[in-house]
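To start, the structure itself, in structure tokens.
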Amino acid sequence: MVRHPAASHLCELGHLVRVESAKRRLILASVSLFGTVLLLIHGLAHISNDESRLGTFYLICGSVCTAVLIYTCKRKDHRIPLAALNTILGGLCIVLLYRGISEGFEPYWLFPALSIGLLINRFSHAVTYAVLLVASTLSAYILAGESILGGPLAENSAMRLLLSLSGMSCIVLVATYRTERASKLLNTLHQEDLHRLAYFDSLTGLANRPNYIRWLGKMLLRAEPSSAILAVLYVDLDNFKQVNDRYGHRQGDRVLVEFGNQLADCVRPLDGTTRLYSGEDVARLAGDEFVVTLPDIREPADAALVARRILDLFEGGFTVDGVTHPISASIGITFSEGMGTDAEALLNQADVAMYHAKQAGKNNLCFYSATIASTVEERHAIEEAVQVALRDELFTLVYMPIMDSRSLEVIGMEALLRSSHPLLEELGPEHFIPVAESSGQIRLVDAWVIDHAVAMQAKLRAVSAYTGRMCINLSAVELHNQDLPDTLRNALKTHAVEAADIEVEITETALVSGDEVSLNTLRRLRELGVSICLDDFGTGYTAFSQLMNYPVNTLKIDKSFVHNIFSAENTHKKMTAMLKRLAELYELRVVAEGVESPKQLRFLRRIGCDYVQGFYLAQPMAADALLAAPASAWIDTSALDTPRRLQE
Ligand code: C2E
Ligand code: MG
Ligand code: MG
């Protein structure tokens, strides 16, 4: 049987209330015990000072208190001790008033009073209660003593007794009244607690998922076919995990609370496009996922307006407690199709649209459509396939030679990922890697690649007398993984491979200017001794002047340039030559990838490009084939265009 989420919340709550009331009982017991001991000591002191009447009274009170305490400990029922303590309170008030202030203020009666307060109220209420009790007694007494009686209090004992009695009755009356009310309040408060915790998120105070779904269901039933449109906006924070990773969960919570507040503010006063229906129109579904409902907008554009407003909250970063976090939001929007729409289904549509917005580059909004739904389904299928491939070891690596453009000697092998999972095999890494990146699976994939590629490098050296490097593609996302350098270091140690034998390829588009975290990871990789190659160079946005800040050794000119060297316009030819000169300027190695013809190879040699890679020279090769022959026999260069033959 599926348990309703609200039911489990109630269960948690029941536990919470039990813990709370156990805590309260403990405080009550401690305070009462202290008060009781004082009463007994005081009683004995009075008896030994020949004040037997007062002493006896104290002792009786102390004994009753002891009995009550024992009873409270045995039965966990508050009502009887409550009544008994109330009686003691009354009795002690009489003693206090009878003896008068002039004979010294005796505060012992405060203990049972406080106990009662603690029992029936929350702690802060109890303190207020006690303070009020003391203040009202004293002020009534002093005012009456000085202004009405016109003399020192001690001299008007008859009047004082009279006033004391009426004052005491008032206090007891008020105390009893408050006690009863407070007992009722206790239940109500817990009811409220139960309700709040069952239906509202304890961190942000916004409606939680079960509450929201229930409310949305009601709203959808109410929506008439002809009425205004109901829009659901699914909001998910981008890069929120980094806040937690970098600043800890407490700061992460602060960001969520602040965003929750601002989200509610930015939805509500909305120039008439929507209005606040109840506390449920803004909800926190889980983690960094929020939802906003606009129950009666006039047209879809109104929803986009609200979404933009939410996105604007992140302009220039999101600042909390003086720290600016580089987070943003991805928003999916969907609209109800009138009566009978299922709340869960609607929310799911908005979720799908949000997912799409995230894939499209984050900090974005996206409207739900059937096309989007199928794209998202496909992505889910890929994620599942990657998971299966990782679990069932369906990944392999093939190795593509990188060669010296003149001698055609193999100077590097680029490890390329393949999978025997039918879907992944069909798609190829170009398509499944980006999905693994956005789902977070890339961390496991890249760790697998690192381990296997480094192991292969060791084997190639030992078995095939290979002297070149192993080039490993790493996802740009991984530059935010602080453990990456350690993963690589461990692999090098495990397989006894020199760091200098490894080159890490990172796509140029990964490097966003000012991304200190990525830069730092690159620097740490360099410190390890591995070299770094900027892959697909020329397709990103690196300002050339920035190149000198990047700790890179190699530029790999993207294959799109090489492909188009001989296209009608001369631009790619010029660009390729320009990229080569740029590499020269910064004293970087340069590799041209995607060489598919001897003509392209000749051109690259002419412009002085040292290293080349492409289907014309060699196809990616399987590990077995490489291990079966010495490195010198891997490629039949006789069929290739060599400089010597060129000159002939
Ligand atoms: P990349 O790193 O730029 O790899 C080069 C891609 O171009 C490879 O495709 C390779 O087979 C292809 N290629 C090489 N020479 C030629 C050529 O002459 N003509 C044509 N048309 N293509 C050529 P592949 O293996 O499909 O990889 C595609 C991309 O997937 C890679 O681009 C890389 O970004 C990513 N990738 C591959 N393996 C891994 C991996 O192990 N980890 C990560 N994170 N990414 C990988
Ligand atoms: Mg590459
Ligand atoms: Mg490339």
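None of the figures in this text is laboratory data; all of them are computed from the coordinates on show. Note that the coordinates shown come from a computational prediction; the quantities given were computed from them, not determined experimentally. We place every Cβ from the backbone using ideal geometry, glycine too, and count neighbours over all the protein chains shown.
Approximating the spin labels as points 7 Å out from Cα along Cα→Cβ, the residue 404-to-residue 430 distance works out to 3.1 nm. Normalised by 2.2 N^0.38 Å, where N is the number of residues, the C-alpha radius of gyration of region 327-477 stands at 1.39. Pairs over the 22 Å Cα-Cα cut-off, from the set 574/599; 241/493; 218/358; 362/559; 241/556: 241/493; 218/358; 362/559; 241/556. With the convex hull of its Cα atoms as the shape, region 516-636 has an orientation-averaged projected area of 9.2 nm². Modelled this way, with points 7 Å down the Cα-to-C-beta line, the labels at residue 391 and residue 483 are 2.0 nm from one another.
Between residue 465 and residue 528, the FRET efficiency from the beta-carbon distance, with R0 = 25 Å, is close to 0.50. Spin-label model, residue 585/residue 597: points 7 Å from Cα along the beta carbon direction are separated by 3.0 nm. For the listed peptides 306-313, 449-456, a ranking on the average number of other beta carbons within 10 Å per residue, highest first, reads 449-456, 306-313. Full extension of the segment from residue 637 to residue 563, taken as 0.36 nm per residue of separation minus the current Cα-Cα distance, would add 24.5 nm.
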